[in-house]
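Below: the structure, in structure tokens.
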Amino acid sequence: MIFWLKIICSLLLIGFLCWSLDLEAIWQQLRQADWLQVLAALLCLLVGQLFSGLRWAWLARGLGLVVQTRRKIELYFLGMFLSLFLPSIIGGDVARGWLLAKGREQAGWTAAASVILERLNGVVGLMIVVSITMFFLPVPALWVWLWNASLALLCLLMGTVGFWWSRLQQRSWQGTWSGWKQLPLASSLFKRAWMKALPVSLLFQGLVVQAHIFLGQAVGLELSWAAYAFIVCLVALASALPISFNGFGIREAGYVGLAVWFGASAEAAAAMAMLWVLVLVIAAIPGGIVLWRMGGTSKLKG
């Protein structure tokens, strides 16, 4: 039932965009697109995914789970492939966490934590980028204060993890959740891994923003770097919500709506959104190859 609600949400949003936008103008912009810039966007995303796989490897090692970095990067691309073609981005994260733990005794909790914390580290990087861009854009002051307060709270939470996690571990954990008690979140090794991963998260977000700039320029979407960063990062957060099929519809509507808010062309933003989907599909191909070499989706069962 939830799956079909997500499909309906995506279809309704895409249908509304098709009804309200000039499809002929979008088609003309795509036909005249600079494909060298599309290629540059693809390279940015591929390099960014490599860095994200490296970030995941560092955080997993910080939790005491050592696997070859190459294996982590392969699983990261596999997760990207599954996230694009399964009903939710969670599907890809679950798969790569499960495969990381497979064959390792009592590694399930650590593998799951490494995936969650890698995502959280990325969110912190994303929020920092948005926080910076807000000072260069005509964003309402209330938004700036609320956003930065949320970012400060999240940073405080992670900065004091050694204090509150050690106290949580002293409590009586029973049942399914008892496995979390063993996670070494208060260790100096994990803290170093977390801080080491943050610059990589910022680099990744910068590469994703630059990829969108290349795509936007390819179809004539004129916006400042700060506006691009603000749009891309906010839409990334919104499309991660489990209310649509892998963000389809949410992502496209977000690009168009925010671009228009900044005074840009709705059709150019829609053309950029379509090119971004194309780039995502091509960048996910290495994950499809990893899945094929593993023996297909049957290896993800049981």
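No lab work stands behind these numbers, since they all come straight from the coordinates. In this text, all values refer to a predicted model and were calculated from it rather than measured experimentally. With ideal geometry, Cβ positions are generated from the backbone for all residues, glycine too; neighbour counts draw on all protein chains shown.
Give me the dipole magnitude in Debye, nearest 20, for the range 152-265 about the Cα centre, with unit charges on the beta carbon: positive for Lys and Arg, negative for Asp and Glu.
Roughly 740 debye, rounded to the nearest 20.
Please list, in order along the range 197-203, the HN-Hα scalar couplings obtained from phi with the Karplus expression 6.51 cos²θ - 1.76 cosθ + 1.60 (θ = phi - 60°), rounded to whole Hz, x for Gly and Pro.
Using θ = phi - 60°, the values come out as 7, 4, x, 5, 5, 5, 4 Hz.
With +1 on each Lys and Arg Cβ and -1 on each Asp and Glu Cβ, and nothing else charged, work out how big the dipole of the chain is about its Cα centre, in Debye to the nearest 20.
About 1640 debye.
Would you compute, for the Cα atoms of the range 36-162, the largest minus smallest coordinate along each principal axis and list the three values in descending order, in whole Å?
Cα spread of the range 36-162 along its principal axes, largest to smallest: 51, 47, 26 Å.
From the C-alpha coordinates alone, can you work out the Kirkwood hydrodynamic radius of the range 220-302, in Å?
For the range 220-302, inverting the mean 1/r across all distinct Cα pairs yields 14.4 Å.
I want to check the label-to-label distance for Asp34 and Ile116. Put each point 7 Å from Cα in the C-beta direction and report it in nm to one decimal.
4.5
So the label point goes 7 Å from the Cα of Gln169 along Cα→C-beta, right? Which residues of the range 48-64 then have their backbone N under 15 Å from it?
Output list for this probe position: 62-64.
Want the number for Leu153 to Leu43: 0.36 nm per residue separation, take away the alpha-carbon distance, what's left?
36.2 nm
Once the Cβ-Cβ distance between Lys196 and Trp98 is put in as r, and R0 is 22 Å, what FRET efficiency do you end up with, to the nearest 0.05?
Plugging the Cβ-Cβ distance into 1/(1 + (r/R0)^6) gives 0.30.
In square nanometres and to one decimal, what's the mean projected area of the convex hull around the Cα atoms of the range 23-83?
Averaged projected area of the range 23-83's Cα convex hull equals 5.6 nm².
Which entries in the list Lys72/Lys181; Lys102/Lys181; Lys6/Lys181; Lys72/Lys191 go over 26 Å, if you measure between the two C-alpha atoms of each?
Flagged as over cut-off: Lys6/Lys181.
Which value, in debye to the nearest 20, describes the size of the charge dipole of the range 1-143 about its Cα centre when Lys and Arg Cβ atoms bear +1, Asp and Glu Cβ atoms bear -1, and nothing else is charged?
I would put it at about 600 debye.
Putting +1 on Lys and Arg Cβ atoms and -1 on Asp and Glu Cβ atoms, find which of Leu117, Ile282, Leu221 reaches farthest to the positive end of the dipole of the chain.
Ranked along the dipole, the leading option is Leu117.
At what distance in angstrom do the alpha carbon centres of the range 48-82 and the range 263-297 lie from each other?
The range 48-82 and the range 263-297 have Cα centres spaced 20 Å from each other.
Which Cα, out of Trp27, Met158, Leu241, lies furthest along the positive dipole direction of the chain (beta carbon charges, K/R +1, D/E -1)?
Farthest towards the positive end: Met158.
Can you give the convex hull volume per residue for the Cα atoms of the chain, as a whole number of Å³?
148
Rounded to two decimals, what ratio of Rg to Rh does the range 1-54 give with C-alpha atoms and a Kirkwood Rh?
Rg divided by Rh gives 1.18.
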